[in-house]
Amino acid sequence: MAGYGTNEDFTAYASAAGYVIPDGTEEIAITAARQRGSLVIDRYERYFAGTRTGGYQQERAWGRTGASTYYGEAIPAGEIPVAIINASYEAAFLELTNPGSLSPVVTGSATVKREKIGHLEVEYSTSSSTNIADLVAIATPVVTTIEGLLWPFLVPILPGILVV
């Protein structure tokens, strides 16, 4: 599977943003991070307008057909907006420097409220919810830079109107 963009463009984006790719990072690690970063962006697919240009067999959520921005600007079929690629680069950098950080594993059966290691003791904030959707929402990090890049491509969610 390929992530959005290219390794070269990712490296240039990271440099321009002032991010430092750790010395000795191999090309394969950058490719893997871009893949994981793209998967993070694809989680938003249900909020993107249009459909996958290549149908259900298309690997990524973008390019799309019938997509438009929040403001109604049409996006040409199959095109991947630069902001989508840049959002995937933001996610890829986080994944490169902290693998798995954007894809937490959540189990509803057990949570740690307090943890003591030696003289250090930490008490975590806990939720009283046992609903797995709530636990996933609590555990999933929100990266404001990614959210900011994606919002112009998200479909506004309007409340339903019931006509009787």
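Going by the structure shown, is TYR13 touching a residue at least 60 places away in the same chain (Cβ under 8 Å) and part of a loop (DSSP other than H, G, I, E, B)?
no
In segment 1-42, how many are among the acidic types (Asp, Glu) and within 16 Å of the chain's Cα centre (by Cα)?
Of the residues in segment 1-42, 1 are among the acidic types (Asp, Glu) and within 16 Å of the chain's Cα centre (by Cα).
Could you list, in sequence order, all residues of segment 37-84 that are touching a residue at least 12 places away in the same chain (Cβ under 8 Å), part of a helix (DSSP H, G or I) and of a type outside the set (Val, Ile, Thr)?
Hits for segment 37-84 are GLY37, SER38, LEU39, ASP42, GLU45, TYR47, ALA83.
Could you check how many residues of segment 100-118 are in contact with a Leu (Cβ under 7 Å, 6 or more places away or on another chain), at pLDDT 70 or above and of a type outside the set (S, T, N, Q)?
Adding up the residues that qualify gives 1.
The values are calculated or read from the model by the stated rules, or taken from the named source; none is laboratory data. A quick note: this is a predicted structure, and the numbers were derived from the prediction, not measured. All Cβ positions, glycine included, derive from the backbone under ideal geometry; neighbour counts span all protein chains shown.
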